[in-house]
Amino acid sequence: MQVLFGGTFDPVHNGHVVMAESLVKAFPRAIIHVIPNRQPPHRKSYVSSEHRLAMLGLAMEGIPRVLVNAIELGRDGPSFTVDTLRALREQFGGKESLVLCLGADAVRVVDEWYQPELLPELCHVCVLNRASQSTVIPGVLSSYHSTDTLSDLNQKACSLLVYLATPDIPVSSTEVRELIAKNEPTLPVPSKIADYIKRYHLYQGIE
């Protein structure tokens with residue numbers, strides 16, 4: 001089983017680390033692929049993909065079965081999830097279980113993605129359900145078959161939908177960038193990331 005946890009990670013913060021650790025516990029036999037976008041289709045990035053990749057590597061260092069996967073960084077143009085899933089399906093074969101993890105914010109806009117109707121034939125979907133959020137499943141995911149058991153995802157390659165209760169860590173990359181802009185001395189990021197941001201003077205002058 002290959003579990004996919006993507007995002008802009010601009011920058012990676014403590015919530016991302018906790019989420020990766022939660023996925024390791026929830027999927028004890030899986031490889032957890034943490035996948036940074038090269039060019040997010042629906043938002044801008046503030047520092048280069050090289051910096052974001054380096055920070056992810058530092059943040060995920062030492063977490064077992066977590067692989068920082070740069071698959072999207074080698075492609076030109078926007079980072080479409082469908083293209084990534086096709087590439088991973090080609091790499092791992094048609095019978096491998098691919099689990100796409102989506103937070104509530106991402107789930108709400110899935111209908112706006114590029115070719116979202118292809119998702120059920122490419123992957124399972126695991127909705128990361130934080131206690132403070134409610135998740136409404138959009139129309140494009142209605143063809144998925146819901147299950148309450150994570151182990152069911154091992155039995156098929158795709159087309160199942162499951163909810164996973166995850167820790168509610170009240171931090172976002174936007175908040176981290178705002179704290180940096182205010183020259184706050186303490187950031188909700190791993191110490192290695194705070195040192196990296198300071199060393200390369202990242203996120204300076206961002207409004």
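The values are calculated or read from the model by the stated rules, or taken from the named source; none is laboratory data. This structure is a prediction, so every number in the text was calculated from the model and none was measured. Cβ sites come from the backbone with ideal geometry, for glycine too, and all protein chains shown count toward neighbours.
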* Structure fact -> Every listed condition ((1) modelled with pLDDT of 95 or more; (2) buried (at least 17 other Cβ atoms within 10 Å of the Cβ); (3) out of contact with any His (no Cβ under 8 Å at 6 or more places or on another chain)) holds for Ser45 save (1)
* To do: Would you list the strands (runs of 3 or more DSSP E) that sit entirely within the stretch 1-103 and hold 1 or more residues that are on the phi < 0 side of the Ramachandran plot and among the polar types (S, T, N, Q)?
  => 2-7
* Output the residues belonging to the stretch 86-108 that are within 21 Å of Ser45 (Cβ to Cβ) and surrounded by 16 or more Cβ atoms within 10 Å (Cβ to Cβ). => Leu100, Cys101, Leu102, Gly103, Ala106
* Unmet criterion (only one of (1) surrounded by fewer than 19 Cβ atoms within 10 Å (Cβ to Cβ); (2) assigned to a loop (DSSP other than H, G, I, E, B)) for Leu179 -> (2)
* Structure fact -> Per the filter on the stretch 146-163, residues more than 14 Å from Val3 (Cβ to Cβ), in contact with a helix residue (DSSP H, G or I) (Cβ under 9 Å, 6 or more places away or on another chain) and outside any strand (DSSP E or B) are Thr147, Ser159
* In this structure, is Glu96 of a type in the set (Asp, Glu) and without any contact (Cβ under 8 Å) to a residue 12 or more places away in the chain? -> no
